Amino acid sequence: MRTPRELPIRMSFVLMAWSRCEGSGNYNVIPLLAGRQGPCSGRGFWRTHGTTRIVPAPPGDSLEPPIPNRMLIRALVGADRAEWLRMRCALWPASDGDEHTREITAFLESGSGPVAVYVADREAGGNLGGFLEMGLRSYAEGCRTSPVPYIEGWYVDPDLRRRGVGEALVEAAEAWARERGHTEIASDTAPDNEASLAAHERLGFAITDRMVCFRKELGEG
Ligand SMILES: CC(C)(COP(=O)(O)OP(=O)(O)OC[C@H]1O[C@@H](n2cnc3c(N)ncnc32)[C@H](O)[C@@H]1OP(=O)(O)O)[C@@H](O)C(=O)NCCC(=O)NCCS
């Protein structure tokens with residue numbers, strides 16, 4: 001997971017989860033909305049009080065109307081730009097807004113950066129409540145395959161935490177990976193991030209390594 005770049009020393013845990021076999025998980029298969037390039041032909045899924053329900057995709061380019069206490073987990077679309085920026089700034093405050101804006105633009109316009117971004121939609125077409133960015137890394141500590149899907153960013157707004165939104169985002173990421181034949185998924189977190197550690201472990205990730213990262217300023221020599 002990306003951490004503030006200014007930190008000279010970073011300790012992190014690396015976590016890895018084996019994907020559950022197709023059909024053996026305790027959640028429904030999740031064909032997610034495929035973006036806003038054309039009429040929605042896929043399906044989204046609603047998450048409410050610990051249950052996941054497949055819902056028919058709405059016609060055209062719109063999502064279902066808002067339903068209280070429900071989150072739609074779906075792929076990020078261009079209209080989410082401002083909300084994605086807000087949440088990225090909350091998760092990674094050490095990067096400035098311009099840097100986030102550049103990365104968001106690069107993803108939306110040329111597909112660079114994460115291979116998949118999922119969001120939790122509070123209201124159809126309205127504000128978001130969380131996001132997950134998935135990358136593909138050639139190597140991840142403790143993993144046996146390459147490339148390996150890697151959770152690079154995972155965030156839920158404070159008012160929505162402990163309601164299963166984070167778990168639903170990870171389920172979407174796992175479904176993405178499983179559909180593409182991956183058998184494991186990796187992530188990391190800072191050792192003092194108790195909530196993240198607990199959530200990773202609760203969602204089936206196992207700690208594979210602990211490391212300390214260093215940085216040295218190179219002078220003129
Ligand atoms: C980590 C984060 C994304 C989890 O999102 P969430 O929506 O609260 O997670 P969920 O509600 O799906 O929680 C799933 C499980 O994780 C565990 N968990 C989550 N937050 C926890 C906390 N603060 N303390 C203890 N366990 C926690 C619980 O077991 C929970 O299941 P339960 O509520 O049924 O007991 C969220 O806390 C967050 O955005 N934190 C700030 C950003 C961050 O640290 N991101 C991760 C960087 S590595």
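Can you name the residue in region 89-114 that is in contact with a helix residue (DSSP H, G or I) (Cβ under 8 Å, 6 or more places away or on another chain) and assigned to a loop (DSSP other than H, G, I, E, B) and is also farthest from residue 163 (Cα to Cα) among such residues?
Going through the qualifying residues, I end up with 112.
Checking the condition within 12 Å of the ligand (Cβ to nearest atom), surrounded by fewer than 18 Cβ atoms within 10 Å (Cβ to Cβ) and assigned to a helix (DSSP H, G or I), which residue from 169, 197 passes?
Only one candidate passes the filter, namely 197.
If the Cβ limit is 8 Å and pairs must be 6+ apart or interchain, which residue in region 182-205 that is over 19 Å from residue 172 (Cβ atoms) and aliphatic (A, V, I, L, M) pairs with which residue that is more than 7 Å from the ligand (Cβ to nearest atom) and in a loop (DSSP other than H, G, I, E, B)?
Listed by first residue and then by second, the contacts come to 190/3; 197/191.
Which one of 136, 108 is of a type outside the set (Gly, Ala, Ser), crowded, with 16+ Cβ neighbours inside 10 Å and either within 16 Å of the ligand (Cβ to nearest atom) or free of Cβ contacts under 8 Å to residues at least 24 places away in the same chain (or both)?
Step by step, each of 136, 108 is checked, and only 136 is of a type outside the set (Gly, Ala, Ser), crowded, with 16+ Cβ neighbours inside 10 Å and either within 16 Å of the ligand (Cβ to nearest atom) or free of Cβ contacts under 8 Å to residues at least 24 places away in the same chain (or both).
Restrict the check to region 151-166 and report whether at least one residue is part of a helix (DSSP H, G or I), away from the ligand (no atom under 16 Å from the Cβ), at negative phi and exposed (fewer than 15 other Cβ atoms within 10 Å of the Cβ).
No; the residues of region 151-166 include none that is part of a helix (DSSP H, G or I), away from the ligand (no atom under 16 Å from the Cβ), at negative phi and exposed (fewer than 15 other Cβ atoms within 10 Å of the Cβ).
Coordinate-derived values only; no laboratory data. All of these numbers come straight from a predicted model, not from anything done at the bench. All Cβ positions, glycine included, derive from the backbone under ideal geometry; neighbour counts span all protein chains shown.
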